[in-house]
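Undergrad: Dumping the structure here so I can ask a few things about it.
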Amino acid sequence: MVQHGDRSVIATNRRARHHFTILDTYEAGLVLVGTEVKSLRLGRASLAEAFATVDDGEVWLRNLHIAEYWHGSWTNHTPRRTRKMLLHAKEIRTLTGKSKETGHALVPLSMYFSDGWVKVELALARGKKNWDKRRDIAARDAEREMARGIGWRLKGHPGRGAKDRRRPPDDPVLDYSP
């Protein structure tokens, strides 16, 4: 598990930010049984296919995989059971209205321990189109290339492709004077 201040991250959903535009985030508790907590302390969880729904004024986390605790007995939990999320009533009312809009979803971004309690960072998100994803990838690549170029310049290197751009001062190709 990765430590971030008072938070130790159990699992993250790395693909969520690629497939969705994050509109708002919420921190929610999770109702768990004993063997689930023991398995989470070992870091055995996956948020890859998980999503949340609002049913009858309660928020439920579905398709979250928490592996069975290997020291567990007949009291072990079911790995993909539906788990209740703990949010304030005002947050649930907000999520109920916004999640009913077309194209919106409730996506868990990360799961972590906060002061011994298991918390889930839940996002209200809108699905991206393929062209949105391509635009984001192009922008990220351009930013990375600019940062690389700045790093080269700061280190005193002329940069990529500098051999092609450097020509002697008496080169007739560059001499534009009449």
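Undergrad: Pull up the stretch 122-157, narrow it to residues that are open to solvent by less than 60 Å² (accessible area, probe 1.4 Å) and among the basic types (Lys, Arg), then point me to the one that is nearest to residue 51 (Cα to Cα).
TA: Checked the stretch 122-157; the qualifying residue nearest to residue 51 (Cα to Cα) is 128.
Undergrad: Then there's this: So which pairs qualify, if the first residue must be in the stretch 14-36 and without any contact (Cβ under 8 Å) to a residue 60 or more places away in the chain, the second must be among the hydroxyl-bearing types (Ser, Thr, Tyr) and surrounded by 16 or more Cβ atoms within 10 Å (Cβ to Cβ), the Cβ gap must be under 9 Å, and the two must be at least 6 apart or on different chains?
TA: If the second residue must be among the hydroxyl-bearing types (Ser, Thr, Tyr) and surrounded by 16 or more Cβ atoms within 10 Å (Cβ to Cβ), the pairs left are 34/69; 35/69; 36/69.
Undergrad: Additional query: Those residues that are over 15 Å from residue 15 (Cα atoms) and of a type in the set (Val, Ile, Thr), I need them from the stretch 121-156; list them, please.
TA: 150 - this is the single residue of the stretch 121-156 that is over 15 Å from residue 15 (Cα atoms) and of a type in the set (Val, Ile, Thr).
Undergrad: Looking at 11, 105, which is the one that is open to solvent by less than 50 Å² (accessible area, probe 1.4 Å) and within 25 Å of residue 129 (Cα to Cα)?
TA: 105
Undergrad: So is residue 119 of a type in the set (D, E, K, R), crowded, with 17+ Cβ neighbours inside 10 Å and either over 14 Å from residue 21 (Cα atoms) or free of Cβ contacts under 8 Å to residues at least 24 places away in the same chain (or both) or not?
TA: When the stated conditions are applied, residue 119 passes them.
Undergrad: Here is a further query. Please go through the stretch 30-75 and give me each residue that is surrounded by 12 or more Cβ atoms within 10 Å (Cβ to Cβ) and among the polar types (S, T, N, Q), ordered by number.
TA: Selection gives 35, 39, 46, 53, 63.
The values are calculated or read from the model by the stated rules, or taken from the named source; none is laboratory data. Keep in mind that what you see is a predicted model, and the values were worked out from it rather than measured. Neighbour counts are summed over all protein chains in view; Cβ atoms, including those assigned to glycine, are modelled from backbone coordinates with ideal geometry. When the accessible area is computed, the model is the full protein with side chains, heavy atoms only, and any ligands, DNA or RNA have been set aside. Shrake-Rupley method; radii C 1.70, N 1.55, O 1.52, S 1.80 Å.
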